[in-house]
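Worksheet: the structure to be examined is printed underneath.
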Amino acid sequence: MTDTLSGLLWSRIEHIYQGVLAHPFVTGLTDGSLPPESFRHYIVQDAHYLRGYARALAVCAAKAPTEHDTVMFAEHAAGAVAAEQQMHAELMAELGSSPVDAAAEPVAPTTRAYLSYLLATVYGGSFAEGLGAVLPCYLIYARVGEELLTRSSPNKVYAQWIAMYGGEEFKAVVDSVLALTDRLGGELSAAELDRMSEHFVTTSRYEWMFWDAGYRRETWPI
């Protein structure tokens with residue numbers, strides 16, 4: 001796998017991914033032990049995050065190297081707003097709340113920091129740097145979903161979340177971005193690859209932090 005750009009990038013975050021799988025938020029999804037309050041906090045923050053992530057994908061669309069890539073990222077940006085917010089509405093209803101309630105809650109520190117880094121990178125950097133920054137949200141979720149789908153969950157709400165990210169539809173979306181990543185690999189200089197890799201590793205760390213913040217139900221300390 002390391003002979004492809006996506007394989008090389010993944011090799012640099014495998015330890016982070018193992019940390020994600022071992023985190024009590026993720027293990028709690030599969031065995032049902034995750035407190036519902038922690039899952040609700042995560043869903044609320046994920047709704048805030050996706051609004052910013054959709055903007056990041058729209059910028060990637062504007063900077064993309066081909067018309068096909070522009071269309072792909074534009075569709076993914078729309079999907080982040082539409083399909084996943086529909087899922088949030090369903091999950092929030094199961095949790096006895098609503099997207100309106102979620103939108104009124106504050107953006108937590110980790111969510112704001114992650115989005116600030118992400119948007120600064122996609123707006124200020126090259127297309128490759130922006131791709132490096134948005135890619136972990138695709139790839140780590142797909143890998144987590146695939147892994148957890150083999151275990152399922154006794155909690156029907158958690159099982160619904162796992163089924164979405166472990167399903168074939170999401171896998172197809174991720175595969176299309178990985179194909180672009182690997183195509184780009186042969187065009188990057190060593191310096192461009194280093195910058196892309198740095199952003200990829202950084203936002204992968206933010207992915208772990210995001211689940212950790214949900215587990216802790218993170219709020220502003222002052």
Hits in region 145-173 (condition: surrounded by 21 or more Cβ atoms within 10 Å (Cβ to Cβ) and farther than 22 Å from residue 95 by Cα): none
Output for region 129-144, where each listed residue is farther than 26 Å from residue 187 by Cβ and either over 14 Å from the mean Cα position of the chain (by Cα) or crowded, with 20+ Cβ neighbours inside 10 Å (or both): 144
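Being touching a Cys at 6+ places or on another chain (Cβ under 7 Å) and assigned to a helix (DSSP H, G or I) is the requirement here; does residue 173 meet it?
Values: touching a Cys at 6+ places or on another chain (Cβ under 7 Å): no; assigned to a helix (DSSP H, G or I): yes.
Spelling it out, it is not the case that residue 173 is touching a Cys at 6+ places or on another chain (Cβ under 7 Å) and assigned to a helix (DSSP H, G or I).
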Looking at region 71-88, which of the residues that are without any contact (Cβ under 8 Å) to a residue 12 or more places away in the chain and farther than 26 Å from residue 125 by Cα is surrounded by the most Cβ atoms within 10 Å (Cβ to Cβ)? 83
Residue 220 passes all but one of the listed conditions (1) assigned to a helix (DSSP H, G or I); (2) over 26 Å from residue 93 (Cβ atoms); (3) of a type in the set (Phe, Trp, Tyr); the exception is number (1)
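Conditions (1) among the polar types (S, T, N, Q); (2) touching a Phe, Trp or Tyr at 6+ places or on another chain (Cβ under 7 Å); (3) modelled with pLDDT under 95; (4) over 23 Å from residue 209 (Cα atoms), marked per residue:
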{"site": "121", "(1), (2), (3), (4)": "yes, no, no, no"}
{"site": "128", "(1), (2), (3), (4)": "no, no, no, yes"}
{"site": "140", "(1), (2), (3), (4)": "no, yes, no, no"}
{"site": "143", "(1), (2), (3), (4)": "no, yes, no, no"}
{"site": "167", "(1), (2), (3), (4)": "no, no, yes, yes"}
{"site": "175", "(1), (2), (3), (4)": "no, no, no, yes"}
Within 16 Å of the chain's Cα centre (by Cα), surrounded by fewer than 19 Cβ atoms within 10 Å (Cβ to Cβ), at pLDDT 85 or above and under 25 Å from residue 194 (Cβ atoms) - does that describe any residue in region 104-116? yes
Only one of (1) within 15 Å of the chain's Cα centre (by Cα); (2) loosely packed, with under 15 Cβ neighbours inside 10 Å does not apply to residue 120, and that is (1)
Test: residue in region 142-159 that is under 19 Å from residue 76 (Cβ atoms), in a helix (DSSP H, G or I) and touching a Cys at 6+ places or on another chain (Cβ under 9 Å): no
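The values are calculated or read from the model by the stated rules, or taken from the named source; none is laboratory data. Note that the structure is a prediction, hence the values are computed from the model and not measured. As a convention, Cβ positions derive from the backbone with ideal geometry for all residues, glycine included, and neighbour counts pool all protein chains shown.
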